[in-house]
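Notes to accompany the following structure.
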Amino acid sequence: MNLYEMTAHRLHDLLARKEITSRELTESVLKRVEEVEGRIHAYITLTPDMALEQAVAADLRIQKGEAEPLTGIPLAVKDVICTRGVRTTCGSHILENFIPPYDATVTEKLKAAGAVFIGKTNMDEFAMGSSTENSFYGPSRNPWDLDRIPGGSSGGSAAAVAADECIVSLGSDTGGSIRQPAACCGVVGMKPTYGRVSRYGLVAFASSLDQIGPFSKDVRDTALLLNAISGHEPRDSTSVDLPVPDYTRALGGDVRGMVLGVPQETFGKGIDPEVAGSVREAIEVLIKLGAKIVDVSLPHSDYALAVYYIIAPCEASSNLARYDGVKYGFRAGGGEDLLDMYQETRWQGFGAEVKRRIMLGTYALSAGYYDAYYLKASRVRTLIRKDFEEAFRRCDALILPTAPTPAFRLGEKVDDPLQMYLSDIFTIPCNLAGLPGLSLPCGFTGEGLPIGLQILGNFFQEEKILRVAWAFEQNTEHHLRKPIL
Amino acid sequence: MKKDTSLCYHFFKPSLGDPKMKISGQEVEHVALLARLKFSQAEKERFTTQLNSILEYMDKLKELDTSQVEPTFHAVTRKNVFREDQVLPSSPQDLTLSNAPDGDRGFFRVPKIIE
């Protein structure tokens, strides 16, 4: 097996035993990037020089016996997360040359752990999208079928892991933007509980929904990344002051005695029959492994999409007001006055989907409409949250599909925003409630496209999710399949 | 002609046009001004159609009686997250100006605001 194909935990063992160096490993990954990146386009910015410097530094640490689990491990970071001195574009024209003067908290933590940064990955502009087709820098492609989308908005981060262009990566999830691409690309993707990971340095899209999370090739690596990035942090006043357990201790057990809930609303809604079949088979596997399955109901599921597509654009319209050409980012020239500068800058700087959501959000917050839209949606958000509270009285975790269909073709849904939004029907509710969720591969379609199983947990119950995910993964072989590139 | 930038405080009354249209072209223009965006005629028409179909979909929420329901603005609520009022290091001027589209002697330079 090539080094670039391995998991972080296996590579850590080899590094710790000095059987390989981080330099060799990083060179292996960089060579892989050279081979496939032209076809995948997972990255917006590659940082090979920085990576090799970090690899050399990591090797020194390893020599001294000071290796942590991620020391010397090549990873990628979604381009919505600030990296000091390295261009951070958010997939947008308006930040094409923006070089952050600081590192995000997660960047600081990964650097402190000795990780090696391969580059910044492609994404839908400002994290708005489900296919990565909204990137100013062109779409990324699904390694399993280059004519298909890798999912979005963290499509680049998902594709990079699936194509072995990095060992692990970070993405962000506001309405499913980690879990849905994970499902499309056949990798593990997790959104932690809201407040588990600091948002300092995460360029804000919807502040009450955004969370940073890991992509990896298996559940053990997910746990390792979660350990590295979680924790209370005063610079994010929404980060929660709870201790971080060692998430790897949730692995290695079984699911006997666990109660898993299947939301009965799931299997109706325009779900692809192969996805439904695969998820049903996964449920059978979990039953064989000793879990008890109960039917639960999330009666307000049908309203989650409407709630999200009011609240997220409303918050976005406020968060994106800062892109005005004054202090950083693109500024349009030739305007008559300040208003002209603002309008030209934002008209030229933002893509269509971003403009659409800013318009939607501004409208829904404006005088005369605030009650009917934003306030109404916020009340229904409470009902959705209560649905989960009820469901979790009866079960340890919820099992459902991640996405209603496997990866669709590039261009298939770009002209119909509402169709595109429907990709997120299963992932959105848990962002609204602030709950953690994970997607892992549970099968493939007849055409060889990955299908994702989603596991949702109650607040700060990432361990229960990881326990179920690990048990399922270890008793199946989906995670061992790789795309042919 | 000097543009009226005070429109951001203007209370706009919903149009009484076609009841099937949730948002008219005129309202789209008004919202665009609030959001400091502009559109070509073709874009404006496309956006008006798309926004209308999205807002139609949002009507679903009217099916629910939420008169007794408190809104949720934050998933995991924290209150009054304060820190001690101490002076801490902040970003040095050169770093802060490093991405300025137009900087001058430690300032961000912009078009004239006040005539």
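The values are calculated or read from the model by the stated rules, or taken from the named source; none is laboratory data. Please read all numbers here as calculations on a predicted model, not as lab measurements. All Cβ positions, even for glycine, are placed from backbone atoms using ideal geometry, and neighbour counts span all protein chains on display.
Inside the range A:41-53, can you point out the residues that are outside any strand (DSSP E or B) and surrounded by fewer than 24 Cβ atoms within 10 Å (Cβ to Cβ)? Listed by number, the residues that qualify are A:His41, A:Thr47, A:Pro48, A:Asp49, A:Met50, A:Leu52, A:Glu53. When A:Pro406 is tested against (1) in contact with a Leu (Cβ under 6 Å, 6 or more places away or on another chain); (2) under 29 Å from A:Thr132 (Cα atoms); (3) within 14 Å of chain B (Cβ to nearest Cβ), just one condition goes unmet, and that condition is (3). Applying the set (1) in contact with a Pro (Cβ under 9 Å, 6 or more places away or on another chain); (2) within 27 Å of B:His74 (Cα to Cα); (3) β-branched (Val, Ile, Thr) to A:Val197 leaves exactly one unmet item: (1). Taking the range A:405-415 as the range and being surrounded by fewer than 18 Cβ atoms within 10 Å (Cβ to Cβ) and part of a loop (DSSP other than H, G, I, E, B) as the test, the residues that pass are A:Gly411, A:Glu412, A:Val414, A:Asp415. The residue of the range B:93-114 that is farthest from A:Arg199 (Cα to Cα), among those that are part of a loop (DSSP other than H, G, I, E, B), more than 9 Å from chain A (Cβ to nearest Cβ) and of a type outside the set (Lys, Arg), is B:Ile114.
Within the set A:Phe426, A:Phe472, the sole residue that is in a loop (DSSP other than H, G, I, E, B) and modelled with pLDDT of 95 or more turns out to be A:Phe426. Among the residues of the range B:70-91, which ones are within 7 Å of chain A (Cβ to nearest Cβ) and among the polar types (S, T, N, Q)? Listed by number, the residues that qualify are B:Thr72, B:Ser91. Mind listing whichever residues of the range A:444-463 are under 19 Å from the mean Cα position of the chain (by Cα), over 18 Å from A:Ala158 (Cβ atoms) and of a type outside the set (D, E, K, R)? Hits for the range A:444-463 are A:Leu456, A:Gly457, A:Asn458, A:Phe459, A:Phe460, A:Gln461.
Only residues that are within 13 Å of chain B (Cβ to nearest Cβ) and out of contact with any strand residue (DSSP E or B) (no Cβ under 6 Å at 6 or more places or on another chain) were counted in the range A:436-460, giving 3.
Would you call A:Leu338 buried (at least 19 other Cβ atoms within 10 Å of the Cβ) and more than 30 Å from A:Leu375 (Cβ to Cβ)? Against the criterion (buried (at least 19 other Cβ atoms within 10 Å of the Cβ) and more than 30 Å from A:Leu375 (Cβ to Cβ)), A:Leu338 qualifies.
Suppose we keep only residues that are surrounded by 20 or more Cβ atoms within 10 Å (Cβ to Cβ) and within 8 Å of chain A (Cβ to nearest Cβ) within the range B:35-54. Which one would you say is nearest to A:Tyr309 (Cα to Cα)? Looking at the filtered set, the residue picked out is B:Ile54. Selection of the range A:288-310 for residues being at the interface with chain B (Cβ under 9 Å from one of its Cβ atoms), of a type outside the set (D, E, K, R) and within 17 Å of A:Thr382 (Cβ to Cβ) yields A:His300, A:Tyr303, A:Leu305, A:Ala306, A:Val307, A:Ile310.
Find the residue count for the range A:87-104, including only residues that are buried (at least 23 other Cβ atoms within 10 Å of the Cβ) and either touching a residue at least 60 places away in the same chain (Cβ under 8 Å) or not polar (S, T, N, Q) (or both).
7
With respect to A:Thr26, is the statement that it is assigned to a loop (DSSP other than H, G, I, E, B), out of contact with any His (no Cβ under 9 Å at 6 or more places or on another chain) and either in contact (Cβ under 8 Å) with a residue 40 or more places away in the chain or crowded, with 16+ Cβ neighbours inside 10 Å (or both) true? So A:Thr26 does not fit the description; no.
Just one of the listed residues (A:Arg199, A:Arg235, A:Arg148) is surrounded by fewer than 24 Cβ atoms within 10 Å (Cβ to Cβ), of a type in the set (D, E, K, R) and closer than 25 Å to A:Phe350 by Cα, and it is A:Arg148. Among the residues here, A:Lys78 does not qualify as more than 22 Å from A:Ala160 (Cα to Cα) and away from every other protein chain (no Cβ under 14 Å).
The residues of the range A:116-155 that are part of a loop (DSSP other than H, G, I, E, B) and of a type in the set (Asp, Glu), listed by number, are A:Asp124, A:Glu133, A:Asp147. Would you call A:Pro139 farther than 24 Å from A:Met50 by Cβ and either at pLDDT 95 or above or within 14 Å of chain B (Cβ to nearest Cβ) (or both)? Taking the combined requirement at face value, the residue satisfies it. Just for the range A:1-23: of the residues that are hydroxyl-bearing (Ser, Thr, Tyr) and in a helix (DSSP H, G or I), which one is surrounded by the fewest Cβ atoms within 10 Å (Cβ to Cβ)? If we take residues in the range A:1-23 being hydroxyl-bearing (Ser, Thr, Tyr) and in a helix (DSSP H, G or I), then A:Tyr4 is surrounded by the fewest Cβ atoms within 10 Å (Cβ to Cβ). When restricted to residues that are at pLDDT below 95 and among the polar types (S, T, N, Q), the range A:365-404 contains 1. In the range A:416-435, the qualifying residues are those that are in contact with a Pro (Cβ under 8 Å, 6 or more places away or on another chain) and surrounded by fewer than 24 Cβ atoms within 10 Å (Cβ to Cβ), and the one that is nearest to the other protein chains (Cβ to nearest Cβ) is A:Leu422.
Could you tell me whether A:Lys327 is among the basic types (Lys, Arg), in contact with a Leu (Cβ under 7 Å, 6 or more places away or on another chain) and surrounded by fewer than 24 Cβ atoms within 10 Å (Cβ to Cβ)? No, not satisfied.
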